[in-house]
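These notes concern the structure reproduced below.
The values are calculated or read from the model by the stated rules, or taken from the named source; none is laboratory data. Values in this document were obtained by computation on a predicted structure and should not be read as measured data. Please note: Cβ atoms are built from the backbone with ideal geometry, for glycine as well, and neighbour counts cover all protein chains shown.
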(Lines give C-alpha, C1' and ligand atoms only; values in the text may rest on other atoms or scores of the structure.)
Protein backbone atom coordinates (compact mmCIF):
# COMPACT_ATOMS: atom_id res chain seq x y z
CA UNK A 1 0.00 0.00 0.00
CA UNK A 2 2.88 2.36 0.76
CA UNK A 3 4.37 2.03 -2.70
CA UNK A 4 0.97 2.66 -4.28
CA UNK A 5 0.45 5.76 -2.12
CA UNK A 6 3.91 7.06 -2.99
CA UNK A 7 3.08 6.73 -6.69
CA UNK A 8 -0.15 8.69 -6.20
CA UNK A 9 1.67 11.40 -4.26
CA UNK A 10 4.32 11.66 -6.94
CA UNK A 11 1.67 11.85 -9.66
CA UNK A 12 -0.08 14.66 -7.78
CA UNK A 13 3.01 16.39 -6.45
CA UNK A 14 5.37 16.25 -9.42
CA UNK A 15 3.45 18.79 -11.54
CA UNK A 16 3.13 21.04 -8.49
CA UNK A 17 6.85 20.72 -7.78
CA UNK A 18 7.79 21.42 -11.39
CA UNK A 19 5.46 24.42 -11.44
CA UNK A 20 6.95 25.78 -8.22
CA UNK A 21 10.47 25.03 -9.41
CA UNK A 22 9.89 26.92 -12.62
CA UNK A 23 9.01 29.94 -10.51
CA UNK A 24 12.07 29.47 -8.32
CA UNK A 25 14.35 28.96 -11.30
CA UNK A 26 12.96 32.19 -12.72
CA UNK A 27 13.68 33.93 -9.39
CA UNK A 28 17.15 32.38 -9.31
CA UNK A 29 17.76 33.53 -12.85
CA UNK A 30 16.68 37.01 -11.81
CA UNK A 31 19.12 36.96 -8.88
CA UNK A 32 21.88 35.83 -11.22
CA UNK A 33 21.08 38.60 -13.72
CA UNK A 34 21.07 41.42 -11.20
CA UNK A 35 24.20 39.90 -9.68
CA UNK A 36 25.92 40.74 -12.96
CA UNK A 37 24.78 44.36 -12.56
CA UNK A 38 26.24 44.81 -9.07
CA UNK A 39 26.18 43.79 -5.43
CA UNK A 40 23.99 46.79 -4.50
CA UNK A 41 21.19 45.49 -6.75
CA UNK A 42 21.40 42.07 -5.10
CA UNK A 43 21.38 43.62 -1.63
CA UNK A 44 18.36 45.80 -2.55
CA UNK A 45 16.48 42.70 -3.71
CA UNK A 46 17.47 41.04 -0.44
CA UNK A 47 16.02 44.01 1.45
CA UNK A 48 12.73 44.28 -0.48
CA UNK A 49 11.88 40.66 -1.33
CA UNK A 50 11.57 39.34 2.26
CA UNK A 51 9.24 42.22 3.16
CA UNK A 52 7.01 41.68 0.13
CA UNK A 53 6.91 37.91 0.42
CA UNK A 54 6.33 38.08 4.17
CA UNK A 55 3.08 39.95 3.53
CA UNK A 56 2.14 38.11 0.32
CA UNK A 57 2.64 34.66 1.81
CA UNK A 58 0.42 35.49 4.76
CA UNK A 59 -2.53 35.71 2.38
CA UNK A 60 -1.33 32.96 0.06
CA UNK A 61 -0.85 30.69 3.07
CA UNK A 62 -4.49 31.14 4.07
CA UNK A 63 -5.63 30.50 0.50
CA UNK A 64 -3.83 27.15 0.53
CA UNK A 65 -6.87 25.82 2.42
CA UNK A 66 -8.72 25.88 -0.91
CA UNK A 67 -7.04 22.64 -2.02
CA UNK A 68 -8.07 20.30 0.84
CA UNK A 69 -11.55 21.84 1.12
CA UNK A 70 -12.18 21.37 -2.61
CA UNK A 71 -10.71 17.86 -2.50
CA UNK A 72 -13.07 16.85 0.32
CA UNK A 73 -16.14 18.36 -1.40
CA UNK A 74 -15.23 16.78 -4.72
CA UNK A 75 -14.74 13.39 -3.07
CA UNK A 76 -18.24 13.68 -1.57
CA UNK A 77 -19.54 14.48 -5.09
CA UNK A 78 -20.87 17.90 -4.09
CA UNK A 79 -20.34 20.15 -7.15
CA UNK A 80 -22.44 22.96 -5.64
CA UNK A 81 -20.09 23.04 -2.63
CA UNK A 82 -17.06 23.08 -4.94
CA UNK A 83 -18.56 26.10 -6.69
CA UNK A 84 -19.23 27.89 -3.40
CA UNK A 85 -15.65 27.29 -2.27
CA UNK A 86 -14.31 28.72 -5.54
CA UNK A 87 -16.32 31.93 -5.30
CA UNK A 88 -15.73 32.33 -1.55
CA UNK A 89 -11.98 31.76 -1.80
CA UNK A 90 -11.69 34.14 -4.77
CA UNK A 91 -13.42 36.92 -2.84
CA UNK A 92 -11.23 36.17 0.15
CA UNK A 93 -8.12 36.38 -2.01
CA UNK A 94 -9.04 39.93 -3.06
CA UNK A 95 -9.90 40.92 0.50
CA UNK A 96 -6.55 39.62 1.70
CA UNK A 97 -4.79 41.47 -1.14
CA UNK A 98 -6.43 44.76 -0.16
CA UNK A 99 -5.23 44.49 3.43
CA UNK A 100 -1.75 43.46 2.29
CA UNK A 101 -1.47 46.40 -0.12
CA UNK A 102 -2.42 48.86 2.60
CA UNK A 103 0.22 47.48 4.94
CA UNK A 104 2.94 47.40 2.28
CA UNK A 105 2.21 50.96 1.15
CA UNK A 106 2.56 52.23 4.70
CA UNK A 107 5.74 50.24 5.17
CA UNK A 108 7.33 51.37 1.92
CA UNK A 109 6.58 55.02 2.70
CA UNK A 110 8.66 54.51 5.84
CA UNK A 111 11.32 52.25 4.31
CA UNK A 112 14.10 54.47 5.66
CA UNK A 113 13.23 53.34 9.20
CA UNK A 114 14.47 49.81 8.44
CA UNK A 115 18.09 50.93 8.76
CA UNK A 116 19.46 49.84 5.38
CA UNK A 117 22.38 51.63 3.78
CA UNK A 118 21.35 54.61 1.67
CA UNK A 119 22.38 53.15 -1.69
CA UNK A 120 20.52 49.91 -0.95
CA UNK A 121 17.36 51.72 0.17
CA UNK A 122 17.42 53.97 -2.90
CA UNK A 123 17.11 50.90 -5.15
CA UNK A 124 14.89 48.76 -2.92
CA UNK A 125 12.04 51.24 -2.41
CA UNK A 126 11.03 51.76 -6.10
CA UNK A 127 11.46 48.03 -6.70
CA UNK A 128 9.05 47.31 -3.84
CA UNK A 129 6.42 49.61 -5.42
CA UNK A 130 6.50 47.40 -8.52
CA UNK A 131 5.97 44.31 -6.40
CA UNK A 132 3.07 45.88 -4.50
CA UNK A 133 1.25 46.69 -7.75
CA UNK A 134 0.94 43.01 -8.64
CA UNK A 135 -0.55 41.84 -5.32
CA UNK A 136 -4.26 41.48 -6.35
CA UNK A 137 -3.42 39.55 -9.52
CA UNK A 138 -0.97 37.31 -7.68
CA UNK A 139 -3.42 36.52 -4.87
CA UNK A 140 -6.24 35.58 -7.24
CA UNK A 141 -3.93 33.56 -9.49
CA UNK A 142 -2.59 31.46 -6.62
CA UNK A 143 -6.12 30.76 -5.41
CA UNK A 144 -7.16 29.48 -8.84
CA UNK A 145 -4.12 27.22 -8.89
CA UNK A 146 -5.03 25.85 -5.44
CA UNK A 147 -8.55 25.27 -6.74
CA UNK A 148 -7.46 23.14 -9.70
CA UNK A 149 -4.96 21.34 -7.47
CA UNK A 150 -7.80 20.39 -5.12
CA UNK A 151 -9.55 18.70 -8.04
CA UNK A 152 -6.34 16.67 -8.60
CA UNK A 153 -5.73 18.58 -11.85
CA UNK A 154 -2.22 19.60 -10.85
CA UNK A 155 -0.96 19.66 -14.44
CA UNK A 156 -3.03 22.78 -15.08
CA UNK A 157 -0.85 24.80 -12.73
CA UNK A 158 2.27 23.37 -14.36
CA UNK A 159 1.21 24.55 -17.81
CA UNK A 160 0.59 28.12 -16.67
CA UNK A 161 3.76 28.17 -14.60
CA UNK A 162 5.84 27.14 -17.60
CA UNK A 163 4.11 29.84 -19.62
CA UNK A 164 5.12 32.35 -16.96
CA UNK A 165 8.67 31.02 -16.89
CA UNK A 166 9.23 31.48 -20.62
CA UNK A 167 7.60 34.91 -20.69
CA UNK A 168 9.28 36.07 -17.48
CA UNK A 169 12.76 34.89 -18.45
CA UNK A 170 12.51 36.75 -21.75
CA UNK A 171 11.32 39.95 -20.07
CA UNK A 172 14.06 39.67 -17.42
CA UNK A 173 16.68 39.47 -20.16
CA UNK A 174 15.16 42.41 -22.03
CA UNK A 175 14.58 44.74 -19.09
CA UNK A 176 17.47 43.93 -16.72
CA UNK A 177 20.21 44.17 -19.36
CA UNK A 178 18.47 46.44 -21.88
CA UNK A 179 18.37 44.30 -25.02
CA UNK A 180 16.40 44.89 -28.24
CA UNK A 181 16.30 48.64 -27.73
CA UNK A 182 14.92 48.56 -24.18
CA UNK A 183 16.73 50.63 -21.53
CA UNK A 184 18.88 48.81 -18.98
CA UNK A 185 16.66 48.87 -15.89
CA UNK A 186 18.58 46.50 -13.60
CA UNK A 187 16.56 45.65 -10.50
CA UNK A 188 13.61 47.76 -11.68
CA UNK A 189 13.46 45.63 -14.82
CA UNK A 190 13.12 42.57 -12.62
CA UNK A 191 10.10 44.08 -10.85
CA UNK A 192 8.46 45.17 -14.10
CA UNK A 193 8.97 41.73 -15.63
CA UNK A 194 7.40 40.07 -12.59
CA UNK A 195 4.30 42.28 -12.78
CA UNK A 196 3.72 41.72 -16.50
CA UNK A 197 4.23 37.98 -16.10
CA UNK A 198 1.59 37.56 -13.37
CA UNK A 199 -0.88 39.59 -15.44
CA UNK A 200 -0.36 37.21 -18.36
CA UNK A 201 -0.69 34.11 -16.17
CA UNK A 202 -3.89 35.26 -14.48
CA UNK A 203 -5.50 36.32 -17.76
CA UNK A 204 -4.63 33.03 -19.44
CA UNK A 205 -5.90 31.05 -16.43
CA UNK A 206 -9.27 32.83 -16.38
CA UNK A 207 -9.72 32.33 -20.13
CA UNK A 208 -8.95 28.63 -19.74
CA UNK A 209 -11.39 28.10 -16.85
CA UNK A 210 -14.21 29.97 -18.56
CA UNK A 211 -13.85 28.04 -21.82
CA UNK A 212 -12.95 24.56 -20.58
CA UNK A 213 -15.86 22.11 -20.61
CA UNK A 214 -14.64 20.73 -17.27
CA UNK A 215 -15.02 24.09 -15.50
CA UNK A 216 -17.73 25.87 -17.48
CA UNK A 217 -20.56 25.00 -15.07
CA UNK A 218 -18.41 25.89 -12.05
CA UNK A 219 -17.40 29.29 -13.45
CA UNK A 220 -20.97 30.20 -14.44
CA UNK A 221 -22.29 32.95 -12.10
CA UNK A 222 -25.56 31.13 -11.33
CA UNK A 223 -25.14 31.38 -7.57
CA UNK A 224 -26.75 33.71 -5.04
CA UNK A 225 -24.79 36.36 -3.18
CA UNK A 226 -26.19 35.08 0.11
CA UNK A 227 -24.69 31.65 -0.59
CA UNK A 228 -21.35 33.23 -1.56
CA UNK A 229 -21.10 35.44 1.52
CA UNK A 230 -22.17 32.65 3.84
CA UNK A 231 -19.45 30.42 2.46
CA UNK A 232 -16.95 33.29 2.48
CA UNK A 233 -17.44 33.71 6.23
CA UNK A 234 -16.89 29.98 6.74
CA UNK A 235 -13.84 30.03 4.50
CA UNK A 236 -12.26 33.01 6.26
CA UNK A 237 -12.75 31.33 9.65
CA UNK A 238 -10.60 28.43 8.42
CA UNK A 239 -8.10 30.47 6.39
CA UNK A 240 -7.33 33.17 8.96
CA UNK A 241 -5.53 30.87 11.44
CA UNK A 242 -3.41 29.59 8.54
CA UNK A 243 -2.58 33.17 7.59
CA UNK A 244 -1.73 33.81 11.24
CA UNK A 245 0.68 30.90 11.24
CA UNK A 246 2.28 32.25 8.07
CA UNK A 247 2.60 35.70 9.70
CA UNK A 248 4.34 34.21 12.71
CA UNK A 249 6.78 32.23 10.60
CA UNK A 250 7.56 34.59 7.74
CA UNK A 251 7.82 37.65 9.99
CA UNK A 252 10.76 35.92 11.65
CA UNK A 253 12.54 35.71 8.30
CA UNK A 254 11.72 39.34 7.55
CA UNK A 255 13.08 40.47 10.93
CA UNK A 256 16.15 38.32 10.33
CA UNK A 257 16.70 40.08 7.01
CA UNK A 258 16.39 43.47 8.73
CA UNK A 259 18.97 42.47 11.33
CA UNK A 260 21.29 41.25 8.60
CA UNK A 261 20.77 44.49 6.68
CA UNK A 262 22.15 46.38 9.64
CA UNK A 263 25.40 44.45 9.23
CA UNK A 264 25.92 45.87 5.72
CA UNK A 265 25.24 45.06 2.11
CA UNK A 266 27.72 42.18 1.83
CA UNK A 267 26.08 40.01 4.53
CA UNK A 268 22.68 40.93 3.07
CA UNK A 269 23.77 39.89 -0.42
CA UNK A 270 25.10 36.58 0.93
CA UNK A 271 21.82 36.03 2.76
CA UNK A 272 19.87 36.66 -0.47
CA UNK A 273 21.92 34.07 -2.37
CA UNK A 274 21.45 31.44 0.34
CA UNK A 275 17.72 32.16 0.68
CA UNK A 276 17.28 31.72 -3.07
CA UNK A 277 18.76 28.22 -2.82
CA UNK A 278 16.74 27.29 0.24
CA UNK A 279 13.61 28.54 -1.46
CA UNK A 280 14.26 26.20 -4.37
CA UNK A 281 14.16 23.10 -2.17
CA UNK A 282 11.33 24.50 -0.07
CA UNK A 283 8.92 24.78 -2.98
CA UNK A 284 9.47 21.10 -3.78
CA UNK A 285 8.63 20.26 -0.18
CA UNK A 286 5.53 22.43 -0.32
CA UNK A 287 4.44 20.57 -3.43
CA UNK A 288 4.67 17.28 -1.57
CA UNK A 289 2.80 18.81 1.35
CA UNK A 290 0.06 20.06 -0.98
CA UNK A 291 -0.26 16.61 -2.52
CA UNK A 292 -0.46 15.11 0.96
CA UNK A 293 -3.13 17.58 2.06
CA UNK A 294 -5.16 16.79 -1.06
CA UNK A 295 -4.98 13.06 -0.29
CA UNK A 296 -5.97 13.68 3.32
CA UNK A 297 -8.83 15.92 2.19
CA UNK A 298 -10.04 13.09 -0.01
CA UNK A 299 -9.74 10.67 2.91
CA UNK A 300 -11.83 13.04 5.03
CA UNK A 301 -14.44 13.02 2.30
CA UNK A 302 -14.35 9.22 2.34
CA UNK A 303 -14.26 9.13 6.17
CA UNK A 304 -11.24 6.84 5.94
CA UNK A 305 -8.89 7.43 8.92
CA UNK A 306 -6.46 4.69 7.91
CA UNK A 307 -5.91 6.46 4.61
CA UNK A 308 -5.15 9.68 6.48
CA UNK A 309 -2.22 8.07 8.29
CA UNK A 310 -0.95 6.30 5.20
CA UNK A 311 -1.02 9.45 3.07
CA UNK A 312 0.60 11.54 5.79
CA UNK A 313 3.51 9.25 6.54
CA UNK A 314 4.08 8.52 2.86
CA UNK A 315 4.32 12.28 2.19
CA UNK A 316 6.84 12.74 5.00
CA UNK A 317 8.95 9.83 3.79
CA UNK A 318 8.96 11.17 0.25
CA UNK A 319 9.93 14.68 1.38
CA UNK A 320 12.84 13.55 3.56
CA UNK A 321 14.15 11.30 0.80
CA UNK A 322 14.11 14.09 -1.76
CA UNK A 323 16.08 16.61 0.32
CA UNK A 324 19.07 14.36 0.96
CA UNK A 325 20.79 15.23 -2.32
CA UNK A 326 20.46 19.03 -1.99
CA UNK A 327 21.46 18.77 1.68
CA UNK A 328 24.72 17.05 0.79
CA UNK A 329 25.31 19.45 -2.12
CA UNK A 330 24.86 22.47 0.13
CA UNK A 331 27.26 21.09 2.73
CA UNK A 332 30.05 19.95 0.43
CA UNK A 333 29.84 22.29 -2.58
CA UNK A 334 28.96 25.58 -0.88
CA UNK A 335 31.95 27.52 -2.24
CA UNK A 336 31.29 26.60 -5.86
CA UNK A 337 27.59 27.39 -5.50
CA UNK A 338 28.26 30.80 -3.94
CA UNK A 339 30.73 31.76 -6.69
CA UNK A 340 28.25 30.79 -9.36
CA UNK A 341 25.63 33.20 -8.08
CA UNK A 342 27.58 36.37 -7.50
CA UNK A 343 30.76 37.87 -8.86
CA UNK A 344 32.07 39.54 -5.72
CA UNK A 345 34.78 37.96 -3.52
CA UNK A 346 33.52 39.88 -0.47
CA UNK A 347 30.26 37.93 -0.60
CA UNK A 348 31.60 34.45 -1.44
CA UNK A 349 32.66 33.34 2.05
CA UNK A 350 29.52 34.75 3.69
CA UNK A 351 27.17 33.05 1.23
CA UNK A 352 29.12 29.76 1.41
CA UNK A 353 28.87 29.61 5.22
CA UNK A 354 25.11 30.17 5.09
CA UNK A 355 24.67 27.53 2.40
CA UNK A 356 26.37 25.00 4.70
CA UNK A 357 23.93 25.81 7.52
CA UNK A 358 21.06 25.48 5.04
CA UNK A 359 22.30 22.00 4.22
CA UNK A 360 21.98 20.97 7.86
CA UNK A 361 18.35 22.00 8.24
CA UNK A 362 17.02 20.41 5.03
CA UNK A 363 15.53 17.39 6.84
CA UNK A 364 13.90 19.61 9.48
CA UNK A 365 12.54 21.84 6.71
CA UNK A 366 11.14 18.78 4.93
CA UNK A 367 9.32 17.50 7.99
CA UNK A 368 7.92 20.85 9.10
CA UNK A 369 6.73 22.02 5.68
CA UNK A 370 4.98 18.73 4.95
CA UNK A 371 3.77 18.37 8.55
CA UNK A 372 1.96 21.71 8.53
CA UNK A 373 0.28 20.85 5.21
CA UNK A 374 -0.94 17.54 6.59
CA UNK A 375 -2.44 19.24 9.64
CA UNK A 376 -4.20 21.74 7.36
CA UNK A 377 -5.61 18.83 5.39
CA UNK A 378 -7.18 17.66 8.66
CA UNK A 379 -8.51 21.23 9.15
CA UNK A 380 -6.27 21.63 12.21
CA UNK A 381 -5.32 25.29 11.79
CA UNK A 382 -5.17 26.85 15.27
CA UNK A 383 -2.68 24.75 17.21
CA UNK A 384 -0.01 24.92 14.46
CA UNK A 385 -0.02 28.71 14.86
CA UNK A 386 0.84 28.34 18.55
CA UNK A 387 3.54 25.80 17.74
CA UNK A 388 5.08 28.15 15.20
CA UNK A 389 5.00 31.05 17.67
CA UNK A 390 6.91 29.04 20.26
CA UNK A 391 9.39 27.70 17.71
CA UNK A 392 10.27 31.09 16.24
CA UNK A 393 9.51 33.80 18.78
CA UNK A 394 10.12 31.94 22.04
CA UNK A 395 13.17 29.97 20.84
CA UNK A 396 14.71 30.64 17.43
CA UNK A 397 14.63 34.43 17.15
CA UNK A 398 15.70 35.25 20.75
CA UNK A 399 18.64 32.91 20.31
CA UNK A 400 19.45 34.49 16.95
CA UNK A 401 19.37 37.98 18.48
CA UNK A 402 21.70 36.89 21.26
CA UNK A 403 24.13 35.30 18.83
CA UNK A 404 24.22 38.19 16.37
CA UNK A 405 24.25 41.18 18.72
CA UNK A 406 25.82 39.82 21.92
CA UNK A 407 28.24 37.14 20.72
CA UNK A 408 28.98 38.89 17.40
CA UNK A 409 28.34 35.78 15.31
CA UNK A 410 27.08 37.97 12.49
CA UNK A 411 24.71 36.68 9.83
CA UNK A 412 25.49 33.08 10.77
CA UNK A 413 23.83 33.65 14.15
CA UNK A 414 20.51 34.47 12.46
CA UNK A 415 20.65 31.31 10.40
CA UNK A 416 21.37 29.17 13.45
CA UNK A 417 18.22 30.66 15.00
CA UNK A 418 16.30 29.63 11.88
CA UNK A 419 17.71 26.10 12.23
CA UNK A 420 16.53 25.83 15.85
CA UNK A 421 13.04 27.04 14.96
CA UNK A 422 12.66 24.70 11.99
CA UNK A 423 13.77 21.67 14.02
CA UNK A 424 11.31 22.51 16.79
CA UNK A 425 8.48 22.77 14.28
CA UNK A 426 9.47 19.51 12.59
CA UNK A 427 9.35 17.50 15.81
CA UNK A 428 6.15 19.11 17.10
CA UNK A 429 4.17 18.96 13.85
CA UNK A 430 5.09 15.30 13.35
CA UNK A 431 4.01 14.44 16.89
CA UNK A 432 0.70 16.29 16.51
CA UNK A 433 -0.12 14.62 13.20
CA UNK A 434 0.57 11.25 14.77
CA UNK A 435 -1.70 12.01 17.72
CA UNK A 436 -4.58 13.44 15.70
CA UNK A 437 -4.53 10.72 13.07
CA UNK A 438 -4.31 8.03 15.74
CA UNK A 439 -7.46 9.40 17.40
CA UNK A 440 -9.24 9.26 14.06
CA UNK A 441 -8.50 5.53 13.88
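General observations
- Checked against (1) over 27 Å from residue 65 (Cβ atoms); (2) surrounded by 21 or more Cβ atoms within 10 Å (Cβ to Cβ); (3) at pLDDT below 90, residue 249 passes all but a single condition, namely (1).
- Per the listing 347, 370, 356, the residue uniquely within 30 Å of residue 73 (Cα to Cα) and crowded, with 16+ Cβ neighbours inside 10 Å is 370.
- Residues of segment 72-87 that are within 24 Å of the chain's Cα centre (by Cα) and under 11 Å from residue 219 (Cα atoms): 86, 87.
- Among the residues listed as 376, 382, the single one being surrounded by 20 or more Cβ atoms within 10 Å (Cβ to Cβ) and within 29 Å of residue 64 (Cα to Cα): 376
- Cβ-Cβ under 8 Å pairs, at least 6 apart or on other chains, segment 212-229 side over 12 Å from residue 88 (Cβ atoms), far side assigned to a loop (DSSP other than H, G, I, E, B): 214/153
- In segment 154-183, the residues that are at positive phi reach residues that are crowded, with 16+ Cβ neighbours inside 10 Å and assigned to a helix (DSSP H, G or I) with C-beta atoms within less than 6 angstrom, at least six apart or across chains, in these pairs: 180/174.
- Filter pass, residue 207 being under 19 Å from residue 162 (Cα atoms), modelled with pLDDT of 85 or more and part of a helix (DSSP H, G or I): yes
- Residue within segment 147-156 that is more than 17 Å from the chain's Cα centre (by Cα), surrounded by 22 or more Cβ atoms within 10 Å (Cβ to Cβ), at pLDDT below 95 and closer than 29 Å to residue 35 by Cα present: no
- Members of segment 406-441 that are outside any loop (DSSP other than H, G, I, E, B) and closer than 12 Å to residue 256 by Cα: 411, 412, 413, 414, 415, 416, 417, 418
- Cβ-Cβ under 9 Å pairs, at least 6 apart or on other chains, segment 99-127 side at negative phi and surrounded by fewer than 16 Cβ atoms within 10 Å (Cβ to Cβ), far side outside any helix (DSSP H, G or I) and at pLDDT below 90: none
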